[in-house]
Amino acid sequence: MSVDKYERIWMFGAGGLIVVFLVIISITAATQAVRPPSHIEVVNPATIAEHPEFGDPQLRVEADGRIVIPVLAQMFGFFPDPLEVPVNTPITFRITSADVVHGFQVVGTNANAMAVPGYVSQFTYTFKKAGTYDIACNEYCGLMHHAMVGKITVTEAPGGQR
Ligand code: CUA
């Protein structure tokens, strides 16, 4: 039984793609490249309560004026909560989880990261509009996942926290 030439080309094409995918998956697994996309920074979730930054997470202003907010996501809330930040000011969020994978999404913006136990997810976001925003957990994390909501108030006075 002969296989049509074009049929054969497509068969090898599809087979080749499968091989490529398997190689990519193997390399990813072997190099442990699965992590939050921001950067690699690890933290021990088992001792997070004693951690200098995440044990009692608080908004801080660095020497250069940058506002940094460490956030601990934990069943079923964000800490600290609520937050207050000035408008038109870059805010660096540093997020980790004490237990399972949570999400940290500032509703209505593209400020969004996963909270992964053992890792710190970091991004910087500048609010362009004052107002009150909800922070939603967008990864299913347990029975009260739907109630895991935080608040962030963006105030009009730029640099009001400095
Ligand atoms: Cu935390 Cu869903």
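Nothing in this text is a laboratory measurement; each read-out follows from the coordinates by a stated rule. Bear in mind the structure is a predicted one, so any value in this text is a computation, not a measurement. FYI the Cβ positions are ideal-geometry reconstructions off the backbone, even for glycines, and counts take in every protein chain you see.
Between residue 147 and residue 27, the contour length at 0.36 nm per residue exceeds the Cα-Cα span by 39.4 nm. Grab the other residues whose beta carbon is less than 15 angstrom from that of residue 110, score K and R as +1, D and E as -1, and report the net. Net charge in that neighbourhood comes out at +1. Within the straight-line cut-off of under 13 Å between alpha carbons, the aspartates and glutamates reachable from residue 151 are 81, 84, 134, sequence neighbours fewer than 8 places apart in one chain being disregarded.
Annotation: amide H-H contacts under 5 Å for residue 139 (H modelled 1.01 Å from N, sequence separation of 5 or more, or interchain): 103. Region 104-153 and region 25-99 have Cα centres lying 11 Å from one another. Under the rule a/c < 1.5 gives rounded, and otherwise a/b versus b/c splits prolate from oblate, where does region 45-155 land using the Cα gyration tensor? Because a/c hits 1.5 or more and a/b fails to exceed b/c, region 45-155 counts as oblate. Secondary-structure-derived ellipticity at 222 nm for the chain, considering helices only, amounts to -5500 deg cm²/dmol, per-run term -39500 (n - 2.57) for DSSP H runs with n ≥ 4.
Were the residues from residue 12 through residue 49 laid out at 0.36 nm apart, the gain over their Cα-Cα distance would be 7.9 nm.
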